[in-house]
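For reference, the structure I am asking about is given below.
The values are calculated or read from the model by the stated rules, or taken from the named source; none is laboratory data. If you're wondering where the values come from, they're calculated on a predicted model, not measured in any experiment. Using ideal geometry, Cβ is built from the backbone for each residue, glycine included, and neighbour counts are taken over all protein chains shown. Heavy atoms of the whole protein, side chains included, go into the accessibility calculation; ligands, DNA and RNA do not. Shrake-Rupley method; radii C 1.70, N 1.55, O 1.52, S 1.80 Å.
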Amino acid sequence: MALGLYGYSTHFRIILVALVTGGGIGSCPQLGLKARGNSGKRETGFQKLRVGSWNIGSLIGKSIELVKSLERRKINIDCVQETRWVGFKARDVDGFELWYSGGSRDRNGVGILVDVDLRECVVELKRISDRMMFIKLVIGRLIVNVVGAYAPHVGLNEEVKRLFWKDLDEVLRDIPSTKNIFIGGYFSDHISTTSNGFDDVHGGFGFRERNGDGISLLEFAKAFELVIANSCFLKRDDQLVTFSSTVAKTQIEYLLFWKSDRGLCKDCKVISNENVTTQHKLLVMDLEIKRVRRKKTLYDQSRNRWGA
């Protein structure tokens, strides 16, 4: 179900959409257009973004603690899984806007948090299921799409898995390849330490041996020309492992983006010492996105000069 900004009036949503589609984008004041300038002249720069993904086990009673961790780590957008919050709603959490989608307090549930500087940039929201949701942001003249996903665990029936990949397939097909997209999610997959036939999507760094679900993720990434960000940088094991317990250490949380945007990602790693959940770890990706701002033209009233 596609919705506008949750909690705002219909009148305000219409005004916002008109601003976006009409070229006068003003949803992000910090990147807004200047009032004066030379006709047609463009200003270029870079917008730094930090995007995260985190399986938090349960969001019940943890929302404030979660936001404090995101603030400490300067994370602008965070995809969370296994929230176990019921409903399709939005909530202000200490300055962050949290959109969430869930059907049961016992399992599943996803959410996306956006910080105070970017929350007004969200112009579209889709809640696909209790395993997937999507938001679109307009930052200056830049359109950024963020997908939060929570794949079925290993061992669940094949129909549940098929529906998940079908939903993700449909979401990606609706997003033009010319627009930025970032996917953050729990995939329960092991992609292995080497690319081994998937050089275009696997950067050559990973953890553990590849399993069947890992092959599914890599094949999906290859089909849509996506790159797995946390396979692209040489890291210590504690910066690769997204789940750690007394009996196992695994890499099952991933961040992905279009292959054509590979140059945008400057770093990707696990931050292991945030304790909202003791077993799942916070995965973060640092991006540097080029933005373009066109200065408005100031037109002077022309004066007619008459001859004798």
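Among the residues in the range 99-111, are any modelled with pLDDT of 95 or more, in contact with a helix residue (DSSP H, G or I) (Cβ under 7 Å, 6 or more places away or on another chain) and either hydroxyl-bearing (Ser, Thr, Tyr) or under 25 Å from residue 252 (Cβ atoms) (or both)?
No.
Can you tell me which residue within the range 263-289, out of those that are under 20 Å from residue 177 (Cα atoms) and out of contact with any helix residue (DSSP H, G or I) (no Cβ under 9 Å at 6 or more places or on another chain), is most open to solvent (accessible area, probe 1.4 Å)?
This residue is 263.
What is the residue count in the range 85-104 for residues that are open to solvent by less than 50 Å² (accessible area, probe 1.4 Å) and assigned to a loop (DSSP other than H, G, I, E, B)? Even if it seems obvious, please write down each step before you answer.
Of the residues in the range 85-104, the ones open to solvent by less than 50 Å² (accessible area, probe 1.4 Å) are 85, 87, 90, 93, 95-102, 104.
With assigned to a loop (DSSP other than H, G, I, E, B) added as a condition, the list becomes 85, 95, 104.
Total satisfying the criteria: 3.
Which residues, taken from the range 231-243, are touching a Lys or Arg at 6+ places or on another chain (Cβ under 7 Å) and assigned to a helix (DSSP H, G or I)?
Answer for the range 231-243, where residues must be touching a Lys or Arg at 6+ places or on another chain (Cβ under 7 Å) and assigned to a helix (DSSP H, G or I): just 239.
Can you tell me how many residues within the range 102-123 are more than 13 Å from residue 77 (Cα to Cα) and in contact with a Gly (Cβ under 7 Å, 6 or more places away or on another chain)?
Within the range 102-123, the first condition is being more than 13 Å from residue 77 (Cα to Cα), and the residues that meet it are 102-110, 123.
Add one more test, that the residue is in contact with a Gly (Cβ under 7 Å, 6 or more places away or on another chain), and what stays is 102, 108-110.
Final tally of qualifying residues: 4.
Can you name every residue in the range 162-190 that is farther than 30 Å from residue 249 by Cβ, polar (S, T, N, Q) and open to solvent by less than 40 Å² (accessible area, probe 1.4 Å)?
180, the sole residue that qualifies.
So which of 175, 143 is within 16 Å of residue 76 (Cβ to Cβ), of a type in the set (Val, Ile, Thr) and in contact with a Lys or Arg (Cβ under 9 Å, 6 or more places away or on another chain)?
Details: 175 fails: within 16 Å of residue 76 (Cβ to Cβ).
The match here is 143.
Hey, does the range 42-52 have a residue that's open to solvent by 10 Å² or more (accessible area, probe 1.4 Å) and closer than 21 Å to residue 277 by Cβ?
yes
So residue 118 ticks every box in (1) hydrophobic (A, V, I, L, M, F, W, C); (2) closer than 29 Å to residue 153 by Cβ; (3) at pLDDT 95 or above but one. Which box is left unticked?
If we test residue 118 against (1) hydrophobic (A, V, I, L, M, F, W, C); (2) closer than 29 Å to residue 153 by Cβ; (3) at pLDDT 95 or above, just (2) comes out false.
When only residues in the range 199-251 that are polar (S, T, N, Q) and within 15 Å of residue 184 (Cα to Cα) count, which is modelled with the lowest pLDDT? Spell out how you get there, then give the answer.
Initially, the range 199-251 is screened for residues polar (S, T, N, Q), giving 211, 216, 230-231, 239, 242, 244-246, 250-251.
From what's left, within 15 Å of residue 184 (Cα to Cα): 230-231, 242, 251.
Details: 230: 91, 231: 90, 242: 90, 251: 85.
Of everything passing the filter in the range 199-251, 251 is modelled with the lowest pLDDT.
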